[in-house]
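The values are calculated or read from the model by the stated rules, or taken from the named source; none is laboratory data. Note that the structure is predicted; figures quoted are calculated from it, not measured. Glycine gets a Cβ as well: all are built from the backbone with ideal geometry, and neighbour counts include every protein chain shown.
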Amino acid sequence: MLLRRYKRFFYTLGCFLGLVFILLSADSCTPRTVNYERSELKLPQQAYIGAQDTPQYQILRKKYGYKKKLPKGFELQALIALSHYPQLKNIPIKFVVEPTLIPLASRPNPMSLLKPWQEREYLVVISSKSSIAALEPILLKNLSYNAQIGVLGHELAHTVFYLDKSSLKIVKIALSYPLPSYRIKFESDTDKRAIKHGLGWQLHQWSKETQASMGNSEQKDEKDKSTVEKSYLTPSQIISFMEKLPQYKRLKPNLPAE
């Protein structure tokens, strides 16, 4: 009887894994394109100011809030960041605010990976409380308004990257991410993607605040600090990259790079 149950279990497991493999393989062969007008790309803005943006909230929500579950308390910041990514207008994105280990994360909803790519849902997880004390100062709630937009823009740059990737490719990315060399390149490339979408100044503000907070932290967990510092572009690297892009020429860098 016990042997029969084991056989049934492994048969069911094998059928399930086989079905998952077939679905993922089929998805990897499906072409994925998200069309948008290049004219929809926003020009960089050196500083967003909450008091000036608030009257535009309903307009922004109508234009960029379709299929989006916005984060409570950060709705306006999320909409401003979304406005820099016309590719995401019709993409389902759920912002989740909850206690998590790291300050922010972006990924496809795992369950939606088994659906056609057009029906995928993406998650942006925002930590309301971290168990790593050294990371507490750089949680979204502790950043300035402009920096909040910058780091949300970084997470949405991840989402844009995932759009044309097959489910198998996304699984491979998840397995590769823990490798330090892969993670550093992955995150710095994401920073550059956000800068290209006009969020360079906001990302620069986030980087400055992060470095200041981590540097002043009394916590002794240097491993957590170094992971954050090495994985993302520094303020001076952000300035250097902006100087290479034509859309930033009208706003010459005048902030200190360090």
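Do we have any residue at all in region 140-163 that's within 17 Å of F74 (Cβ to Cβ), hydroxyl-bearing (S, T, Y) and surrounded by 20 or more Cβ atoms within 10 Å (Cβ to Cβ)?
Yes: region 140-163 contains one or more residues that are within 17 Å of F74 (Cβ to Cβ), hydroxyl-bearing (S, T, Y) and surrounded by 20 or more Cβ atoms within 10 Å (Cβ to Cβ).
Could you check, for region 134-148, whether at least one of its residues is in contact with a Ser or Thr (Cβ under 7 Å, 6 or more places away or on another chain), at negative phi and in a loop (DSSP other than H, G, I, E, B)?
Among the residues of region 134-148, at least one is in contact with a Ser or Thr (Cβ under 7 Å, 6 or more places away or on another chain), at negative phi and in a loop (DSSP other than H, G, I, E, B), which makes the answer yes.
Kindly evaluate L88 against the criterion of being of a type in the set (A, V, I, L, M, F, W, C), surrounded by fewer than 21 Cβ atoms within 10 Å (Cβ to Cβ) and closer than 24 Å to I173 by Cα. Lay out the reasoning, then the answer.
Working: of a type in the set (A, V, I, L, M, F, W, C): yes; surrounded by fewer than 21 Cβ atoms within 10 Å (Cβ to Cβ): no; closer than 24 Å to I173 by Cα: yes.
Taking the combined requirement at face value, the residue does not satisfy it.
Step by step: first the residues of region 242-254, then only those that are surrounded by 13 or more Cβ atoms within 10 Å (Cβ to Cβ) and within 13 Å of G198 (Cβ to Cβ), then the one that is modelled with the lowest pLDDT. Which residue is that?
Result: L251.
Taking L152 as meeting all but one of (1) aliphatic (A, V, I, L, M); (2) at pLDDT below 90; (3) closer than 18 Å to D191 by Cβ, write down the number of the exception.
Result: L152 passes all but (2).
Which condition number in (1) among the hydroxyl-bearing types (S, T, Y); (2) farther than 30 Å from A134 by Cβ; (3) modelled with pLDDT of 70 or more is the one that T12 fails?
T12 satisfies all of (1) among the hydroxyl-bearing types (S, T, Y); (2) farther than 30 Å from A134 by Cβ; (3) modelled with pLDDT of 70 or more except (3).
For a quick check of your reading of the model, give me the residue pairs whose first member lies in region 160-181 and is without any contact (Cβ under 8 Å) to a residue 40 or more places away in the chain, whose second is aromatic (F, W, Y) and surrounded by fewer than 16 Cβ atoms within 10 Å (Cβ to Cβ), with beta-carbon atoms closer than 8 Å and at least 6 apart or on different chains.
As it stands, the answer is S176/Y182, since those pairs meet every condition given.
Write out, first by first residue and then by second, each pair whose Cβ atoms fall under 9 Å of each other, whose residues are 6+ apart or on separate chains, and whose first residue, in region 76-103, is under 21 Å from E209 (Cα atoms) while the second is acidic (D, E) and at pLDDT 95 or above.
Final answer for the pair search is L76/D53; Q77/D53; I80/D53; A81/E155.
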